[in-house]
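Working notes, structure below.
The values are calculated or read from the model by the stated rules, or taken from the named source; none is laboratory data. Computed from a prediction, not measured in an experiment: that's the story for all the values here. So basically every Cβ, Gly included, is an ideal-geometry build from the backbone, and we count neighbours across all protein chains shown. Please note that ligands, DNA and RNA were not included when accessible areas were found on the heavy atoms of the full protein model with its side chains. Shrake-Rupley method; radii C 1.70, N 1.55, O 1.52, S 1.80 Å.
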Amino acid sequence: MGKQKKARKYATMKRMISLRDQRLKEKDRAKPKVKKKDDPSAIKEREVPQYPSCLFFQYNTQLGPPYHILVDTNFINFSIKAKLDLVQSMMDCLYAKCIPCITDCVMAEIEKLGQKYRVALRIAKDPRFERLPCMHKGTYADDCLVQRVTQHKCYIVATVDRDLKRRIRKIPGVPIMYISNHRYNIERMPDDYGAPRL
């Protein structure tokens, strides 16, 4: 009988000696971690997140015309597909002046999409759109929008992305604009935002 072939193991690593092994010299050995005992008489401090002063429960006092609307990449693409003019449709939805805002991350995402989405890029470069500079690393637009909305509660977020909507719903006082039935709709916007103050 011939010798049986052994199946070769892939991605196997050499077994390494632990840094706490007794065979190592005392100076090379890792020191055991010493746990600090909690003092039961010490005053316990808790970190409570500070809620922004612009919120009165769920009511956001910073929202008011002219509305600043943070636009996501897919919102522009779906608007083109539905043949909607962004600024005009926003005004029809909110009955007030709207300033669409576009972050550097969203702009970078549209540029990465290539020639197929050149119409979206041309719309994003419209002078009516306000450009917001990004200071963070990377160009992931969803994280950028969530972070910006958490810091400043003066924006409405325009998106069609389900995951982004789910993340923004967890932040109190931020309305979401989306597309349905070939028109823009708004979610979580109280009725008396646009009403004149008496």
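One table, with the values for the structure above:
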read-out	value
Filter pass, Gln22 being assigned to a loop (DSSP other than H, G, I, E, B), modelled with pLDDT of 75 or more and under 30 Å from Arg183 (Cβ atoms)	no
Odd one out for Val106 among (1) outside any helix (DSSP H, G or I); (2) in contact with a helix residue (DSSP H, G or I) (Cβ under 8 Å, 6 or more places away or on another chain)	(1)
From Lys37, Lys83, residue being exposed (fewer than 10 other Cβ atoms within 10 Å of the Cβ) and over 30 Å from Leu164 (Cα atoms)	Lys37
Residue in region 29-39 that is out of contact with any Gly (no Cβ under 6 Å at 6 or more places or on another chain), of a type in the set (A, V, I, L, M, F, W, C) and in a helix (DSSP H, G or I) present	no
Test: residue in region 97-112 that is among the polar types (S, T, N, Q) and in contact with a strand residue (DSSP E or B) (Cβ under 7 Å, 6 or more places away or on another chain)	yes
Of all residues making up region 172-186, the number that are open to solvent by less than 40 Å² (accessible area, probe 1.4 Å) and at pLDDT 90 or above	8
Hey, Ala120 touching a strand residue (DSSP E or B) at 6+ places or on another chain (Cβ under 6 Å) and open to solvent by less than 20 Å² (accessible area, probe 1.4 Å) or not	no
Any hit, region 86-94, residues being outside any helix (DSSP H, G or I) and either among the polar types (S, T, N, Q) or more than 21 Å from the chain's Cα centre (by Cα) (or both)	no
Residue in region 69-78 that is within 23 Å of Lys153 (Cβ to Cβ), of a type in the set (Val, Ile, Thr) and free of Cβ contacts under 8 Å to residues at least 12 places away in the same chain present	no
Those residues of region 90-141 which are in contact (Cβ under 8 Å) with a residue 60 or more places away in the chain and not aliphatic (A, V, I, L, M), in sequence order	Asp92, Cys93, Tyr95, Glu130
Subset of region 53-80 (residues that are open to solvent by 70 Å² or more (accessible area, probe 1.4 Å) and of a type in the set (Val, Ile, Thr))	Thr61
Any chance Pro133 is surrounded by fewer than 14 Cβ atoms within 10 Å (Cβ to Cβ), of a type outside the set (A, V, I, L, M) and within 18 Å of the chain's Cα centre (by Cα)	yes
